[in-house]
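Below you'll find the structure, written out as C-alpha coordinates, and then a few comments.
The values are calculated or read from the model by the stated rules, or taken from the named source; none is laboratory data. What you see is a predicted model; the values in this text were computed from it and never measured. All Cβ positions, even for glycine, are placed from backbone atoms using ideal geometry, and neighbour counts span all protein chains on display. We work out accessible area using only protein heavy atoms, side chains counted, and drop any ligands, DNA or RNA first. Shrake-Rupley method; radii C 1.70, N 1.55, O 1.52, S 1.80 Å.
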Amino acid sequence: MNVSKVRARVIPTVALAAAISVIGGGIAFAQDGGSSGSDGSSRSLGSLGTGSLGSTDTGSLGSSGAQEGTPLTFDGWGTCPVEDPAVSTCATVVVRGGDMRIGGLKVPIPDGGLKIAGGVKYGTPDPDGNFEEIFVPQMGTSGVFSNPISIPGGALGIDTPLNLTQIAATVEPVGIPSVDVLDLKVSMPVRLKLENPLLGGSCYLGSESNPVILNLATTGNPPSRPIGGAYQGAVFPNVSHTDDTFAVPAASGCGPLGALNWAVNLRAGTPSVAGSNELATTSDVYTVPARRVRPPA
(Lines give C-alpha, C1' and ligand atoms only; values in the text may rest on other atoms or scores of the structure.)
Protein backbone atom coordinates (compact mmCIF):
# COMPACT_ATOMS: atom_id res chain seq x y z
CA MET A 1 0.00 0.00 0.00
CA ASN A 2 1.19 3.52 -0.71
CA VAL A 3 2.88 4.95 2.43
CA SER A 4 1.47 8.44 1.88
CA LYS A 5 -2.06 7.04 1.85
CA VAL A 6 -1.46 5.22 5.14
CA ARG A 7 -0.13 8.43 6.68
CA ALA A 8 -3.08 10.38 5.38
CA ARG A 9 -5.46 7.96 7.11
CA VAL A 10 -3.55 7.72 10.40
CA ILE A 11 -3.13 11.42 11.07
CA PRO A 12 -6.84 12.32 10.90
CA THR A 13 -7.65 9.38 13.19
CA VAL A 14 -5.11 10.44 15.79
CA ALA A 15 -6.22 14.07 15.46
CA LEU A 16 -9.85 13.15 16.04
CA ALA A 17 -9.09 11.16 19.18
CA ALA A 18 -6.88 13.94 20.51
CA ALA A 19 -9.45 16.59 19.70
CA ILE A 20 -12.06 14.75 21.75
CA SER A 21 -9.65 14.70 24.69
CA VAL A 22 -8.73 18.38 24.32
CA ILE A 23 -12.32 19.57 24.04
CA GLY A 24 -13.59 17.26 26.74
CA GLY A 25 -10.84 17.91 29.20
CA GLY A 26 -10.08 21.61 28.93
CA ILE A 27 -6.80 23.47 29.25
CA ALA A 28 -4.90 24.46 32.37
CA PHE A 29 -2.44 27.32 32.19
CA ALA A 30 0.76 27.65 34.18
CA GLN A 31 1.87 30.66 35.89
CA ASP A 32 2.47 31.78 39.36
CA GLY A 33 3.99 31.00 42.61
CA GLY A 34 4.56 31.33 46.25
CA SER A 35 7.35 32.36 48.47
CA SER A 36 8.89 32.98 51.78
CA GLY A 37 12.19 34.50 52.52
CA SER A 38 14.23 37.63 53.00
CA ASP A 39 15.89 40.74 51.68
CA GLY A 40 15.34 43.78 49.50
CA SER A 41 15.70 47.40 48.59
CA SER A 42 12.69 49.64 48.10
CA ARG A 43 13.32 51.26 44.72
CA SER A 44 13.56 47.96 42.93
CA LEU A 45 9.95 47.01 43.39
CA GLY A 46 8.91 48.29 40.00
CA SER A 47 11.95 46.91 38.26
CA LEU A 48 11.04 43.36 39.06
CA GLY A 49 8.00 43.40 41.20
CA THR A 50 5.27 42.72 38.78
CA GLY A 51 4.78 39.07 38.68
CA SER A 52 5.95 39.20 35.08
CA LEU A 53 5.66 35.81 33.60
CA GLY A 54 7.98 33.37 32.10
CA SER A 55 9.45 29.96 32.65
CA THR A 56 12.57 27.93 32.34
CA ASP A 57 11.03 24.72 33.58
CA THR A 58 8.62 22.80 31.43
CA GLY A 59 6.58 19.80 32.36
CA SER A 60 5.20 17.17 30.07
CA LEU A 61 2.14 15.21 30.91
CA GLY A 62 2.60 11.47 30.87
CA SER A 63 0.20 8.66 31.57
CA SER A 64 0.27 9.47 35.27
CA GLY A 65 -0.45 13.17 34.72
CA ALA A 66 1.71 16.28 34.98
CA GLN A 67 3.86 16.61 38.04
CA GLU A 68 3.66 19.99 39.69
CA GLY A 69 7.08 21.02 40.96
CA THR A 70 7.95 21.88 44.52
CA PRO A 71 6.52 25.35 45.25
CA LEU A 72 9.11 28.02 44.55
CA THR A 73 10.21 30.27 47.40
CA PHE A 74 12.71 32.99 48.09
CA ASP A 75 16.00 31.17 48.60
CA GLY A 76 18.73 33.78 48.78
CA TRP A 77 20.63 35.95 46.35
CA GLY A 78 22.53 33.30 44.41
CA THR A 79 20.69 34.27 41.23
CA CYS A 80 21.73 37.94 41.44
CA PRO A 81 24.49 38.68 38.89
CA VAL A 82 26.63 40.73 41.27
CA GLU A 83 29.69 40.01 39.11
CA ASP A 84 28.30 42.75 36.84
CA PRO A 85 29.48 45.96 38.54
CA ALA A 86 26.64 47.92 36.94
CA VAL A 87 24.00 45.90 38.82
CA SER A 88 22.73 48.08 41.66
CA THR A 89 19.89 46.01 43.09
CA CYS A 90 19.18 42.35 43.63
CA ALA A 91 15.53 41.37 43.50
CA THR A 92 13.35 38.29 43.73
CA VAL A 93 9.62 38.21 42.97
CA VAL A 94 7.53 35.22 43.99
CA VAL A 95 3.96 35.11 42.74
CA ARG A 96 1.74 33.98 45.59
CA GLY A 97 -1.43 33.38 43.63
CA GLY A 98 -3.98 34.88 41.29
CA ASP A 99 -6.13 34.16 38.27
CA MET A 100 -5.71 34.17 34.51
CA ARG A 101 -8.55 34.46 32.02
CA ILE A 102 -8.13 33.85 28.30
CA GLY A 103 -11.41 34.39 26.51
CA GLY A 104 -13.94 32.30 28.42
CA LEU A 105 -11.32 30.09 30.06
CA LYS A 106 -10.48 30.85 33.70
CA VAL A 107 -7.52 29.28 35.47
CA PRO A 108 -6.54 29.75 39.14
CA ILE A 109 -2.86 30.52 39.72
CA PRO A 110 -1.43 28.51 42.63
CA ASP A 111 0.97 29.64 45.31
CA GLY A 112 4.54 28.61 44.52
CA GLY A 113 4.53 28.22 40.73
CA LEU A 114 6.57 31.20 39.50
CA LYS A 115 9.62 33.14 40.57
CA ILE A 116 11.57 35.96 38.91
CA ALA A 117 15.07 36.55 40.22
CA GLY A 118 18.03 38.60 39.06
CA GLY A 119 19.48 42.09 39.25
CA VAL A 120 18.67 45.58 38.08
CA LYS A 121 20.97 48.21 36.66
CA TYR A 122 20.13 51.82 35.87
CA GLY A 123 20.99 53.93 32.85
CA THR A 124 22.18 57.55 32.80
CA PRO A 125 19.37 60.00 33.64
CA ASP A 126 18.10 62.17 30.78
CA PRO A 127 17.61 65.95 31.16
CA ASP A 128 14.20 65.33 32.73
CA GLY A 129 15.65 63.00 35.34
CA ASN A 130 14.23 59.83 33.80
CA PHE A 131 16.46 56.79 33.50
CA GLU A 132 16.23 53.35 32.00
CA GLU A 133 16.02 50.34 34.26
CA ILE A 134 17.35 47.07 32.91
CA PHE A 135 16.62 43.65 34.36
CA VAL A 136 19.72 41.44 34.31
CA PRO A 137 19.22 37.67 34.75
CA GLN A 138 21.87 35.32 36.04
CA MET A 139 24.08 34.10 33.22
CA GLY A 140 22.62 31.04 31.53
CA THR A 141 19.05 31.69 32.72
CA SER A 142 16.11 33.85 31.71
CA GLY A 143 15.71 34.99 35.30
CA VAL A 144 12.27 33.39 35.34
CA PHE A 145 11.63 30.06 37.05
CA SER A 146 8.29 28.28 36.77
CA ASN A 147 6.52 25.04 37.52
CA PRO A 148 3.95 23.65 35.09
CA ILE A 149 0.36 23.72 36.23
CA SER A 150 -2.22 21.03 35.57
CA ILE A 151 -5.87 20.78 36.51
CA PRO A 152 -7.05 17.17 37.00
CA GLY A 153 -9.74 16.44 34.46
CA GLY A 154 -9.16 19.75 32.72
CA ALA A 155 -11.44 22.76 32.88
CA LEU A 156 -14.61 20.63 32.81
CA GLY A 157 -13.49 18.29 35.61
CA ILE A 158 -13.74 15.18 33.45
CA ASP A 159 -11.21 12.46 34.28
CA THR A 160 -10.32 9.86 31.69
CA PRO A 161 -8.12 6.75 31.63
CA LEU A 162 -4.41 7.65 31.55
CA ASN A 163 -5.32 11.31 32.23
CA LEU A 164 -5.32 12.07 28.52
CA THR A 165 -7.60 15.06 29.00
CA GLN A 166 -5.17 16.85 31.29
CA ILE A 167 -3.06 19.58 29.76
CA ALA A 168 -0.03 21.11 31.44
CA ALA A 169 1.00 24.65 30.54
CA THR A 170 4.14 26.64 31.10
CA VAL A 171 4.72 30.31 30.44
CA GLU A 172 7.98 30.79 28.57
CA PRO A 173 9.65 34.20 28.21
CA VAL A 174 10.69 35.15 24.69
CA GLY A 175 12.51 38.30 25.76
CA ILE A 176 13.86 40.16 28.79
CA PRO A 177 11.36 42.25 30.79
CA SER A 178 11.38 46.03 30.45
CA VAL A 179 10.91 47.79 33.76
CA ASP A 180 9.65 51.09 35.15
CA VAL A 181 10.50 51.33 38.83
CA LEU A 182 8.81 54.68 39.46
CA ASP A 183 5.45 53.50 38.16
CA LEU A 184 5.95 49.92 39.39
CA LYS A 185 5.39 48.41 35.95
CA VAL A 186 6.85 45.53 33.99
CA SER A 187 6.35 44.48 30.39
CA MET A 188 7.22 40.97 29.27
CA PRO A 189 6.80 39.07 26.00
CA VAL A 190 5.87 35.41 26.57
CA ARG A 191 4.42 32.36 24.90
CA LEU A 192 2.32 29.64 26.51
CA LYS A 193 3.49 26.08 25.96
CA LEU A 194 0.77 23.42 26.18
CA GLU A 195 1.66 19.78 26.67
CA ASN A 196 0.10 16.38 26.89
CA PRO A 197 0.76 13.08 25.08
CA LEU A 198 -1.53 14.02 22.20
CA LEU A 199 -0.58 17.66 21.70
CA GLY A 200 3.12 16.85 21.57
CA GLY A 201 5.96 19.13 22.62
CA SER A 202 5.55 22.03 20.19
CA CYS A 203 2.06 23.34 20.96
CA TYR A 204 2.03 27.06 21.73
CA LEU A 205 -0.18 30.08 22.14
CA GLY A 206 2.09 32.91 21.03
CA SER A 207 5.57 32.79 19.56
CA GLU A 208 8.82 34.71 19.45
CA SER A 209 7.55 36.70 16.47
CA ASN A 210 3.99 37.09 17.79
CA PRO A 211 4.20 36.90 21.59
CA VAL A 212 1.68 37.53 24.32
CA ILE A 213 2.74 40.91 25.74
CA LEU A 214 2.05 41.15 29.45
CA ASN A 215 2.03 44.68 30.89
CA LEU A 216 1.61 44.26 34.63
CA ALA A 217 0.94 47.32 36.75
CA THR A 218 0.06 48.16 40.34
CA THR A 219 -1.46 51.20 41.98
CA GLY A 220 -0.50 53.19 45.01
CA ASN A 221 2.71 52.81 47.00
CA PRO A 222 2.89 49.30 48.47
CA PRO A 223 4.35 49.25 51.99
CA SER A 224 7.54 47.37 52.78
CA ARG A 225 8.96 45.60 55.80
CA PRO A 226 12.65 45.46 56.74
CA ILE A 227 14.43 42.13 56.60
CA GLY A 228 17.40 41.23 58.74
CA GLY A 229 19.95 38.51 58.25
CA ALA A 230 23.23 38.49 56.38
CA TYR A 231 22.00 41.00 53.78
CA GLN A 232 19.57 43.53 55.21
CA GLY A 233 16.94 44.65 52.77
CA ALA A 234 13.17 44.87 52.45
CA VAL A 235 10.18 42.81 51.41
CA PHE A 236 7.04 44.18 49.79
CA PRO A 237 4.35 41.60 50.69
CA ASN A 238 1.12 40.97 48.81
CA VAL A 239 1.77 43.34 45.91
CA SER A 240 -1.15 43.21 43.46
CA HIS A 241 -0.55 43.44 39.71
CA THR A 242 -3.10 43.33 36.91
CA ASP A 243 -3.23 43.40 33.12
CA ASP A 244 -6.28 43.27 30.87
CA THR A 245 -4.66 44.68 27.74
CA PHE A 246 -2.96 41.61 26.26
CA ALA A 247 -4.09 39.66 23.22
CA VAL A 248 -3.54 35.92 22.79
CA PRO A 249 -2.77 34.55 19.28
CA ALA A 250 -4.16 31.35 17.82
CA ALA A 251 -2.55 28.03 18.65
CA SER A 252 0.27 26.60 16.56
CA GLY A 253 2.14 23.30 16.43
CA CYS A 254 -0.52 21.35 18.34
CA GLY A 255 -0.78 17.68 17.40
CA PRO A 256 0.61 15.97 14.30
CA LEU A 257 1.34 18.63 11.67
CA GLY A 258 -0.75 21.12 13.68
CA ALA A 259 -3.88 18.99 13.27
CA LEU A 260 -5.13 19.94 16.76
CA ASN A 261 -4.69 23.71 16.50
CA TRP A 262 -8.41 24.08 15.92
CA ALA A 263 -9.28 22.04 19.02
CA VAL A 264 -7.03 24.14 21.26
CA ASN A 265 -8.44 27.33 19.75
CA LEU A 266 -11.98 26.10 20.34
CA ARG A 267 -11.35 25.23 23.99
CA ALA A 268 -9.26 28.32 24.84
CA GLY A 269 -11.25 30.78 22.76
CA THR A 270 -8.20 31.85 20.79
CA PRO A 271 -7.27 33.98 19.05
CA SER A 272 -8.51 36.31 21.77
CA VAL A 273 -8.27 40.08 21.27
CA ALA A 274 -7.08 42.61 23.84
CA GLY A 275 -9.79 43.33 26.36
CA SER A 276 -11.03 39.74 26.39
CA ASN A 277 -8.23 38.48 28.65
CA GLU A 278 -7.04 39.30 32.14
CA LEU A 279 -4.23 38.41 34.51
CA ALA A 280 -4.26 39.29 38.21
CA THR A 281 -1.49 38.21 40.57
CA THR A 282 -0.35 38.78 44.13
CA SER A 283 3.41 38.72 44.68
CA ASP A 284 5.99 39.06 47.41
CA VAL A 285 8.95 41.17 46.31
CA TYR A 286 12.34 40.86 48.00
CA THR A 287 15.09 43.39 47.31
CA VAL A 288 18.53 44.27 48.60
CA PRO A 289 21.30 46.64 47.41
CA ALA A 290 23.73 44.64 45.30
CA ARG A 291 26.68 46.17 47.15
CA ARG A 292 25.65 44.25 50.25
CA VAL A 293 25.72 40.96 48.38
CA ARG A 294 28.77 41.60 46.19
CA PRO A 295 31.99 40.10 47.62
CA PRO A 296 34.69 42.59 48.64
CA ALA A 297 37.06 43.51 45.81
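For the condition open to solvent by 40 Å² or more (accessible area, probe 1.4 Å) and not in a loop (DSSP other than H, G, I, E, B), what is the one hit in Thr282, Thr245, Thr287? Explain how you work it out, then say what you get.
Details: Thr245 fails: not in a loop (DSSP other than H, G, I, E, B); Thr287 fails: open to solvent by 40 Å² or more (accessible area, probe 1.4 Å).
Matching residue, one of Thr282, Thr245, Thr287: Thr282.
Consider segment 94-116. How many of its residues are more than 20 Å from Gly143 (Cβ to Cβ) and not in a loop (DSSP other than H, G, I, E, B)? First the steps, then the outcome.
The first filter runs over segment 94-116 and keeps only residues more than 20 Å from Gly143 (Cβ to Cβ), leaving 97, 99-108, 110-111.
Next, only the ones that are not in a loop (DSSP other than H, G, I, E, B) stay: 97, 99-102, 105-108.
Residues flagged as more than 20 Å from Gly143 (Cβ to Cβ) and not in a loop (DSSP other than H, G, I, E, B) within segment 94-116 amount to 9.
Quickly run through segment 140-180 and pick out the residues that are small (Gly, Ala, Ser), part of a strand (DSSP E or B) and at pLDDT below 65. Correct list: empty.
For Thr124, are the conditions met, namely being closer than 27 Å to Thr282 by Cβ, part of a loop (DSSP other than H, G, I, E, B) and at pLDDT below 85? If you could, list the steps in order and put the result at the bottom.
On the way: closer than 27 Å to Thr282 by Cβ: no; part of a loop (DSSP other than H, G, I, E, B): yes; at pLDDT below 85: yes.
No.
Which strands (runs of 3 or more DSSP E) does segment 192-232 wholly contain that include 2 or more residues that are buried (at least 20 other Cβ atoms within 10 Å of the Cβ) and modelled with pLDDT of 80 or more?
Values: elements: 200-205, 212-217, 225-227.
Result: 200-205, 212-217.
When you check Ser240 against the structure, is it open to solvent by 60 Å² or more (accessible area, probe 1.4 Å), farther than 30 Å from Phe74 by Cα and either assigned to a strand (DSSP E or B) or out of contact with any His (no Cβ under 9 Å at 6 or more places or on another chain) (or both), yes or no? No; evaluated as a whole, the condition is false for this residue.
Looking only at residues in segment 266-293 that are modelled with pLDDT under 90 and of a type in the set (S, T, N, Q), the one that is farthest from the chain's Cα centre (by Cα) is Thr287. Inside segment 252-279, residues that are open to solvent by 10 Å² or more (accessible area, probe 1.4 Å) and either in contact with a Lys or Arg (Cβ under 9 Å, 6 or more places away or on another chain) or of a type in the set (A, V, I, L, M) (or both) make up a count of 7.
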